[in-house]
1. For B:VAL87, what residues show an amide H to amide H distance below 5 Å, using hydrogens built from the backbone and excluding near sequence neighbours?
2. With N denoting the number of residues in chain B, provide Rg(C-alpha) divided by 2.2 N^0.38 Å, to two decimal places.
3. Rg and Dmax of segment B:95-180 over Cα atoms: what are they, in angstrom?
4. Measuring from centroid to centroid over Cα atoms, what is the spacing of segment A:85-134 and segment A:285-326 in Å?
5. Roughly speaking, what is the stretch gain from A:ARG287 to A:VAL165, that is 0.36 nm per residue apart minus the C-alpha to C-alpha distance, in nm to one decimal?
6. Give the residue list of GluC sites (Glu not before Pro) in segment A:197-282 that are DSSP loop and have at most 15 other beta-carbon atoms within 10 angstrom.
7. Give the angle, between 0 and 90 degrees and rounded to the nearest 10, that separates the Cα long axis of helix A:147-156 from the longest principal axis of the Cα atoms of chain A.
8. Using a simple spin-label model with points 7 Å from Cα along the Cα→Cβ vector, what separation in nm is obtained for A:SER356 and A:GLN332?
Amino acid sequence: MNETAWRRRVERRLADRWQTWGYREVSPPVWAPWDDVALGAADLPLEAWKFLDPQGRLLTLRPDNTLALARLAATDLVAEPRPLRLYYRNDVFRRLGGTGGVEAVPQAGLELIGGGDARADAEVLALATESLVDLGLGEFRLSVGHVDLLRRVLEGAGMPPSARVAVMAALQDRDHVALEKAVAAAQGVTAEQRAELFRCLTMPVRAGEREVVARWLEKWPGGRQSWADLEAVLSLAGLYGLEGYILIEPGLVLDLDYYSGLVFEISVPGLARPLGGGGRYDGLLGRFGAAEPATGFAFELMELIAAMRAGDISPGVRRPTCLVAACNGRQQEAWMEARRLREVGVEAEVDASDRSREELIEYGRRRGMDTLRLFTDDGPEEIALSTGSHPEGGPGDGGATVDAGAGGAAMIPTARGKRGKAE
Amino acid sequence: MNNGSQPMTIALPKGRMNVEVQGMLRDAGLPAADLYGGRLLVETDGVRYLLARPSDVVTYVREGVADLGITGKDILMENPGGYYELVDLQVGRCSLAVAGPMPADSWPAFLVDRGDRLRVATKHPRASRDFFAGMGVSPAVIGLGGALELAPQVGLTDVIVDLVQTGRTLQANGLEYLEEIAPSTARLIAHPVSLRFRTDQVDSLLAELRRVLKKNGVPGSAPLGGGTDAHR
């Protein structure tokens, strides 16, 4: 199955799921004013693809959906009742690796705007988890951190600002050797406390064992409120049955700087890059209009699809496909047969070339189709093209899917008249 | 959180660091890697070892084919991002340095005089550019694959930036050690997802490695993050 088919299939499943939670789709414009991007996030302006509109205004190709939806919330949707539950499925545009050209990055994500407490954060985590389980992914983890917790812990650790900067840089670079050196600059604390701080910042802890993190953080009273906020979310997540999927990583630092509270990243074994992530961004909406708390996440669709392919997962069953051809003025029989097949859920393609029987067989096989039906002077003939059905949507790009539940790979109804010899 | 079904995979560096690195891993309780006779892959006692060029270790870890890898800090400086750098193993020690066919005390004046016209041959273009940029100089950096000591002798470049261990190769080619860019030792790196799905395994290994480092009495190796049962 080709990329587009996979993508649409996954988007459809996500959209259906999110709608059942009360989210509705929005389509932000494909362009974003450069001013919005500059308002939103520190690094994005560098990565965004810029161009001028006919009036000479500087625009970008949308680099980030959260910014786009924040703009919508402050303008078109400003009078809508809160909280707003919105989702999107589209591309964002980023520069390829430093000096490369622009890349369209498919995403699907959602925002909960106007929800300010643990219930909103827990809803977002639950949605992310449920979406992945729904798509058939068994093994994944949500690594959860908290921007404010990290900041307050570092302040409370008696670290001079330069050391705090060094710690943040080391966490961003994922350099634990540099982190160790930076943590050594914590003053007025024992070696044991330094060791615990280092451990707290580097080792993921299962949500079910969060008392370990609580013990570490006891030493840093500045972080108490933030930890209480995070714990409230984790408790709710536990009630929703998400605990097994969650890891606590106080040292987690995400790339975008508009996050203000809980942040998370989704990992799957065997995949180098995260499937997606998100978090709380209470300070962002105020830059576009009235201040509002907000939280959300996005899936990177290419990574999600790669994870599904690696896990041999397919959320639907491929429809059978049939090539229908006729010769010598029997075109109408072919057309009628194709129509009949389509009505029972087969994807029927009517041949519009002058290919010979052998050429038709070869064409059908290369397209990955299941059967060929020929209408000739000797009567109708059915030829099996593939060996066995391909419920996953095997080679070739034929076969859209229907949702699982519509039955297994349907048998192709036999043609009226004689059954031809199968190849 | 252990992907116990599949063996943990560790990418080891070929070449000068290999023996010391393998020694450390054995001291830390890992099985010996029987990689001889041209073998590049071996699995023993639940651990899988790959043998790769030091610069390729990063690629194997980034792609997730190896959970862990060991390579020189100089390699990490040339290939940043996509992995966690976990611990300095303090072996394979050498110096990434500027070397050239001139007395060491004439180097500062030479550098000032040549400025941006300086020509440097190296296998570490990124580290070289960063180093000279820090001094306000933007030299021509010529990337070569090896045998850098030849370049200044035939006038391709003024100086080289290379890893120096004993200094014998420099001496044999009439080159002087001029200035250190950075010391380089072997580092343990990890695939980001492996740290999440094999936390306990990685944590135990780190604890053992820190114990070995402490035992070896290496300065600055006081274990900050070694896992203990008290945290479980």
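The values are calculated or read from the model by the stated rules, or taken from the named source; none is laboratory data. Just so it is clear, the model here is predicted, and its values are computed rather than measured. With ideal geometry, Cβ positions are generated from the backbone for all residues, glycine too; neighbour counts draw on all protein chains shown. Side chains included, ligands, DNA and RNA excluded: accessible areas come from the protein's heavy atoms. Shrake-Rupley method; radii C 1.70, N 1.55, O 1.52, S 1.80 Å.
1. Hits under the 5 Å cutoff: B:LEU188.
2. Working: Rg = 19.9 Å, N = 232, 2.2 N^0.38 = 17.4 Å.
Rg over 2.2 N^0.38 Å, computed on Cα atoms: 1.14.
3. 11.5, 32
4. Here the answer is 11 Å between Cα centres.
5. On the way: separation 122, 0.36 × 122 = 43.92 nm, distance 2.54 nm.
Length difference between fully extended and current span is 41.4 nm.
6. Working: sites: A:GLU209, A:GLU211, A:GLU218, A:GLU231, A:GLU243, A:GLU265; in loops: A:GLU218.
Passing both the DSSP loop test and the Cβ count: A:GLU218.
7. That works out to roughly 20 degrees.
8. 3.0 nm
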